[in-house]
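One structure is given here, and the rest of the page talks about it.
The values are calculated or read from the model by the stated rules, or taken from the named source; none is laboratory data. This is a predicted model, so every value here is computed, not measured. Cβ coordinates were reconstructed from backbone atoms using ideal geometry, including for glycine residues, and neighbour counts include every protein chain displayed. With ligands, DNA and RNA removed, areas are computed over all heavy atoms of the protein, side chains included. Shrake-Rupley method; radii C 1.70, N 1.55, O 1.52, S 1.80 Å.
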Amino acid sequence: MSENAVLRLRAQRLARATRPFLARGNRVIRCQGCLLPRKSCLCATIHPQPARNRFCLVMFDTEPMKPSNTGRLIADILPDTLAFGWSRTEPDPALLAAVADPAWQPVVVFPASYADAGRPVHFSPPREGKPLLFIMLDGTWTEARKMFRKSPWLDGFPVMSLNVTTPSRYTLREAHGEGQHCTAEVAAELLAQAGDQQAATALHQHFEQFRHAYLAGKPHHPIHQQENHPENG
C-alpha cells in the first residue's frame, strides 16, 4: 500500500519523540503500513476509492502512533485525506491553509450540544454547493473536547452533528459513553449520507476487516467471551 497522511504524521511524531512510544502490544512485530501484527497484515486488501467530499483529521499528540487508531483507515480508503497534529497555540500553517481553501466547505464533526448558541449546525451533510471538508478531531473523547474548545480557528465553521443509530462495533478501546462511535464509523456514515456510497461501503468493509484482525490477536479481549457465550448478550 502507498503511504498516507496519517502514516506520514506518525513518522513525524515518532521522529520528535524523546523516548520510545510504548503502546499496548508494543512487543508485537507490526506491519508498518496497517500497524497490525505482520501475520494479520491487511495492506493487500486496501482498495482506495474516489469521493466528492474530503476529510481533514486533526489528531491529538500521540493518537497517530496508536495501532488502534481508526482515523488511519479513512486515509487508507481516501488517499487525499489530510492529517495534522493539534496545537493549541501554534496550529500548523498548512492546516490553516487547508481549511481556508475556497474550493471546500469546512464543517466540524462534533455533537451539536457543544456548539455555542447561534452557531450553524447541520444534522446531515448538505449535498448542494461546494464539496465538504469534514474536520474530525481525532483522540479520546476528553482530548476531542479539548481540541473543540481550544481551537479558535474552528469557531467560524458550521458544526456537523451526526446521529448514528447503529451500535458501535469498535470495542478496541473502552467508549467514554453509550452511543459513541469511533472515527472510522462516523466517517463511513458521513460518506453514506453525503452520497459517496462507494467510498462509504469500502471504508465500512475496511473497518470490519481491521477490527477482526486486531481482535484476533487479543484472545483475552472481552469480545471473544461474548462471542463464545451468546446467551449473555
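Give the accessible surface of the range 57-215 per residue, rounded to a whole number of Å², with probe radius 1.4 Å and ligands, DNA and RNA excluded.
45 Å²
How large is the translational diffusion coefficient of the range 1-159 in µm² per second when you combine the Kirkwood radius over alpha carbon pairs with Stokes-Einstein at 10 °C and 1.306 mPa s?
After rounding, the answer is 94 µm²/s.
Just the number: Rg to Rh for the range 29-82, Cα atoms, Kirkwood Rh, two decimals.
0.99
To the nearest 20 debye, what is the magnitude of the charge dipole of the range 1-160 about its Cα centre, counting +1 on the Cβ of each Lys and Arg and -1 on the Cβ of each Asp and Glu?
Here the range 1-160 has a charge dipole of around 700 debye.
Heavy atoms of the protein only, probe of 1.4 Å, neighbouring chains included. What is the accessible area of E90 in Å², nearest 10?
E90 has an accessible surface of roughly 140 Å² with all protein chains in place.
Looking at the range 1-134, what % of its DSSP beta bridges pair antiparallel, to the nearest 5?
Around 10 percent of the beta bridges assigned by DSSP in the range 1-134 are antiparallel ones.
Measure off 7 Å from each Cα along the Cα-to-Cβ vector at K130 and F157, then give the distance between these two points in nanometres to one decimal.
1.1 nm
What is the gain in length, in nm to one decimal, between Q32 and D80 on full extension, counting 0.36 nm per residue of separation less the C-alpha to C-alpha distance?
Result: 15.3 nm gained on full extension.
How far apart, in nm, are the 7 Å Cα→Cβ label points at C43 and L14?
Distance between label points: 1.2 nm.
What percentage of the solvent-accessible surface of the range 30-167, computed with a 1.4 Å probe over protein heavy atoms, is contributed by carbon and sulfur atoms?
54 percent
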